[in-house]
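As structure tokens, the structure follows; a few thoughts come after it.
Nothing in this text is a laboratory measurement; each read-out follows from the coordinates by a stated rule. Values in this document were obtained by computation on a predicted structure and should not be read as measured data. Virtual Cβ from ideal backbone geometry, glycine too; neighbours counted across all protein chains shown.
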Amino acid sequence: MMALVLGIETSCDETAASVVDEEFHVLSSVIESSIDQHRAFGGVVPELAGRAHVATLGPVVRRALIEAALDPLDPDILGIAVTSGPGLIGSLLVGLSAAKAYALAWGVPFVGINHLEGHLFAPLLEHPDLEWPLMTLLVSGGHTLIVRQGAPGEHVVLGETIDDAAGEAYDKVARWLGLGYPGGPEIDRVAQSGAAAALTLPRSMTGEDYDLSFSGLKTAVVRATEKHHDVAVADVAASFQAAVAEQLLRKLRRALEHHPVKGVALAGGVAANTALRAGVRALAQEFGIEAHLPTMALCTDNAAMIAAAGTYRLRHDTASNYDLSARPNWQLADVS
Ligand code: KG4
Ligand code: ZN
């Protein structure tokens with residue numbers, strides 16, 4: 001039988017567990033979210049998220065093992081991969097403590113995985129034989145990075161946001177416009193019927209590096225709508241969406257020009273964005289490389305990507321020790 005890895009993810013509001021084999025086939029992927037508890041607050045409430053993980057993680061792990069045809073009391077697995085950072089400290093600790101307990105009970109090793117490295121493994125779950133190197137635009141509610149991967153586990157962060165994440169900007173602008181939370185899907189939907197040229201919004205960070213910024217854009221939207229009271233919400237959404245996509249795609253293009261790769265990938269929740277998906281497809285065509293746009297279930301937070309990273313780490317590195325602690329601010333650039 002193939003060596004299986006159990007992945008556990010509890011860094012934010014998703015409680016997830018998954019079993020993946022050594023060839024990156026996903027045998028099971030269970031995801032529960034406490035998002036409904038946070039909606040009224042317009043953002044994830046850490047205390048509520050942590051409590052939800054405690055109640056949900058046990059049943060989620062059990063389901064992931066059963067769906068993978070394993071004995072939930074004594075599964076035949078190679079080891080456990082658990083997100084140990086970055087993320088909400090109280091949420092990370094629930095997953096990490098559980099992973100240690102399972103590892104001890106089942107007599108298997110466990111390894112702490114950087115959540116962002118996990119996202120970088122998502123394209124591999126659909127294309128285990130993809131060609132390297134790969135350029136990935138990782139865009140979520142908490143992170144915005146452009147990363148070049150020479151091979152699995154080998155990554156160089158070329159640039160990242162110096163303030164808000166792209167998804168965070170979407171959520172803030174949506175709240176300003178009176179749209180729901182999370183705001184990304186709402187703005188994306190409303191923008192389809194708007195005119196992108198309706199508002200003149202600035203493009204920031206147009207320099208020669210790969211860094212990004214979204215906080216000025218958010219402020220510019222607020223100013224512009226205060227000035228033009230009569231502008232339609234759809235037009236604001238379309239103008240904002242065009243500005244975000246242009247900023248991201250401009251830096252991604254620069255990265256592709258200066259760091260040749262065989263493929264370009266999107267990861268993170270904002271990978272659902274229609275403008276971004278179309279833009280990345282167009283870039284791939286222009287550069288004659290492969291576009292990897294994983295299905296949304298793999299782009300948003302899940303445990304299959306953590307298990308995939310763990311499969312690699314358990315094969316190439318030593319396992320973690322039981323004194324491993326959660327690292328809420330663990331940077332991808334610090335992963336060795
Ligand atoms: O990766 P994710 O599920 O959670 C983390 O942040 O880790 O990403 C959620 C983010 C939210 O900010 C949400 O507004 C954004 O992704 N998002 C979108 C779209 N769908 C989700 N942003 C823009 N366009 C979308 N279609
Ligand atoms: Zn994430």
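If exposed means no more than 12 neighbouring beta carbons inside 10 Å and the site is in a DSSP loop, what's the longest run of the chain without any exposed GluC sites (Glu not before Pro)? Longest stretch, sites excluded: 209-336. Kirkwood-type hydrodynamic radius, the chain: 20.3 Å, calculated from all non-identical alpha-carbon pairs. Within the same chain, lysines fewer than 8 places from Lys227 are excluded, and of the rest, those with a Cα less than 22 Å from its Cα are Lys172, Lys218. For Gly180, neighbours were defined as the other residues whose beta-carbon sits under 11 Å from its Cβ, and their charges (Lys and Arg +1, Asp and Glu -1) total +1. The relative contact order of the chain, computed from alpha carbon pairs under 8 Å that lie at least 6 residues apart in sequence, is 24 percent. For q = 0.17, 0.18, 0.19 Å⁻¹, what log10 I(q)/I(0) does segment 1-81 give under the Debye formula with an equal point scatterer on each alpha carbon and no solvent? Taken in order of the listed q values, log10 I(q)/I(0) reads -0.65, -0.71, -0.76.
Dividing the alpha-carbon Rg of segment 266-314 by 2.2 N^0.38 Å yields what?
Compactness ratio reported: 1.33.
Pull out a ≥ b ≥ c, the square roots of the eigenvalues of the alpha-carbon gyration tensor of segment 224-315, then state rounded if a/c is under 1.5, prolate if not and a/b is larger than b/c, and oblate in the remaining case. The shape class here is oblate.
Considering helices alone, the calculated mean residue ellipticity of the chain at 222 nm is -14000 deg cm²/dmol, with DSSP H runs of length four and up weighted by -39500 (n - 2.57) and normalised per residue. Summing +1 for each Lys or Arg and -1 for each Asp or Glu, what net charge is found among the other residues whose Cβ lies under 15 Å from the Cβ of Val111? In short, -1. Of all the options Ala242, Ala105, Ala52, the one that moves most in a Gaussian network model of the chain with Cα springs shorter than 10 angstrom is Ala105. Straight-distance candidates among the lysines for linking to Lys262, with alpha-carbon spacing under 24 Å and chain neighbours fewer than 8 residues away dropped: Lys251.
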